[in-house]
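The values are calculated or read from the model by the stated rules, or taken from the named source; none is laboratory data. Since we're looking at a predicted model, the values are computed, not measured. When we count neighbours, we look across all protein chains shown, and the Cβ atoms used for this are built from the backbone with ideal geometry, even at glycine. Heads up: the accessible areas ignore ligands, DNA and RNA and are worked out on the full protein's heavy atoms, side chains in. Shrake-Rupley method; radii C 1.70, N 1.55, O 1.52, S 1.80 Å.
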Amino acid sequence: MKRCKHCHEDKPLEDFYTDKKARDGRRPECKACNLERRAAKYRANPRPAIERALRWQRENPDRVRANMARFTASGHRKISNRKSRLKRKYGITLEQFEAMLAAQGGGCAICGKPGADNVDHDHDTGRVRGILCFNCNVAIGHVANDEDRLAAAMAYLARDEELDLVVRGRAAALAG
């Protein structure tokens, strides 16, 4: 056990970073206090940390490429890109996306097809409406959110069904 010099709590040694120069081999502040202090310093002035990271990347291009290759191979890059795009384009987190999909029964909000992964949103307001499959999302886009156009398309399909019934009836009469 060790007492943190910042929060003054007694904590197990695992809660302290190692420090070869320290008498007991551990830093004087716990990991939580250390991280909070570093986060506050970054919030106050992020520029030095950003410049240090960019300088390291310029000086170590082979390590950057190797790290990126590992990141990509692990599948974490794809997840990270998905999270970033959801937040940037729609203002939602991956957790919110997954909650919406679960609330819809795990499938497209229109047809119910599983594996829906397109965020449907109002292009005027940016408000997210639901999660759709590719085909339903494209269909909504093609009718341009115009209810009259959608109603006309539905009437067209109904008329086509009526014509199909007439044709089948005539074909049956001729064959009969």
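Could you tell me which residue of segment 98-114 is least open to solvent (accessible area, probe 1.4 Å), considering only residues that are assigned to a helix (DSSP H, G or I) and closer than 12 Å to L132 by Cβ?
Narrowing segment 98-114 to residues assigned to a helix (DSSP H, G or I): 98-103.
Now drop any that are not closer than 12 Å to L132 by Cβ, which leaves 100-101.
Numbers: M100: 50, L101: 32 Å².
By that ranking, first place goes to L101.
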Original post:
Could you say whether any residue in segment 125-134 is in a helix (DSSP H, G or I) and either surrounded by 12 or more Cβ atoms within 10 Å (Cβ to Cβ) or basic (K, R) (or both)?
Top reply: yes
Original post:
Among the listed residues K21, K31, which satisfies the condition of being exposed (fewer than 10 other Cβ atoms within 10 Å of the Cβ) and more than 30 Å from N118 (Cα to Cα)?
Top reply: K21
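Return the residues of segment 101-148 that are in contact with a Cys (Cβ under 6 Å, 6 or more places away or on another chain) and of a type outside the set (V, I, T); say none if nothing qualifies.
Filtering segment 101-148 for residues in contact with a Cys (Cβ under 6 Å, 6 or more places away or on another chain) gives 108, 110-111, 113, 116, 132-133, 136.
Those that are in contact with a Cys (Cβ under 6 Å, 6 or more places away or on another chain) and of a type outside the set (V, I, T): C108, C111, K113, A116, L132, C133, C136.
Matching residues to (1) of a type in the set (A, V, I, L, M); (2) in contact with a His (Cβ under 9 Å, 6 or more places away or on another chain); (3) at pLDDT below 95:
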site: A40; (1), (2), (3): yes, no, no
site: N45; (1), (2), (3): no, no, no
site: R52; (1), (2), (3): no, no, no
site: I110; (1), (2), (3): yes, no, yes
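Which residue out of Q96, Q57, Q104 is within 30 Å of F16 (Cα to Cα) and among the polar types (S, T, N, Q)?
Every option except Q57 fails the conditions.
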Subject >> Residues that are surrounded by fewer than 13 Cβ atoms within 10 Å (Cβ to Cβ) and under 29 Å from V143 (Cβ atoms), drawn from segment 72-90 >> reply: R85, R88, K89
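For segment 150-163, give me each residue that is of a type in the set (D, E, K, R) and at pLDDT 75 or above.
Restricting attention to segment 150-163, the residues satisfying the condition of being of a type in the set (D, E, K, R) are 159-162.
The one that is of a type in the set (D, E, K, R) and at pLDDT 75 or above: R159.
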**OP:** Hey, could you check segment 135-176 for residues that are in a helix (DSSP H, G or I) and of a type in the set (D, E) and say which is most open to solvent (accessible area, probe 1.4 Å)?
**Re:** E147
**OP:** Scan segment 123-149 for residues that are modelled with pLDDT of 90 or more and touching a Lys or Arg at 6+ places or on another chain (Cβ under 6 Å) and report the count.
**Re:** 1
